[in-house]
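All of the numbers you see were taken from the coordinates with simple rules; none came from a lab. Because the structure is predicted, anything quoted here is derived from the model rather than measured. Here the Cβ is made from the backbone with ideal geometry for all residues, glycine too, and neighbour counts use every protein chain on show.
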Amino acid sequence: MLRHFHDAAATTMVATNSLKQELAGRGFKKLGFWTRGVDTDLFNPNDPAKLDLPQPIFMTVGRVAVEKNLEAFLRTTHSGTK
């Protein structure tokens with residue numbers, strides 16, 4: 001069922017070579033890499049973004065999924081900005 005779902009995609013992105021090999025071994029096609037990490041040329045702590053928002057700024061970075069419990073993050077009562 002998962003192979004059928006992913007076959008409709010132009011590319012199924014994987015983060016590691018071992019995952020690519022595992023999925024290829026299970027018959028998945030059109031696999032590409034989306035490596036983990038931050039582009040430090042684009043996101044540089046020496047040149048921070050200027051945001052006119054109450055400080056501190058809290059954020060979460062990741063995929064949106066039920067198990068990430070974003071509702072709990074949004075309910076926190078810390079002063080600042082989420």
- prompt: In whole Hz, what ³J(HN,Hα) sequence does region 2-16 give by Karplus (6.51, -1.76, 1.60; θ = phi - 60°), x for Gly and Pro?
  reply: 5, 4, 4, 4, 6, 4, 6, 7, 5, 8, 9, 7, 10, 9, 9
query: Which number do you get for Rg(Cα) / (2.2 N^0.38 Å) in the chain?
result: 1.57
field: Pairs of lysine residues in the chain - Cα separation under 19 Å, sequence separation of 8 or more or cross-chain
entry: 4
- request: Sort the following peptides by mean Cβ neighbour count (other Cβ atoms within 10 Å, averaged over residues), highest first: 43-49, 25-31.
  value: 25-31, 43-49
query: So what is the relative contact order for the chain, in percent, with contacts set as C-alpha pairs under 8 Å and at least six apart?
result: 24
- request: Pick out, from G62, T40, G27, the residue whose Cα sits farthest towards the positive end of the charge dipole of region 18-82, with +1 on the Cβ of Lys and Arg and -1 on the Cβ of Asp and Glu.
  value: G27
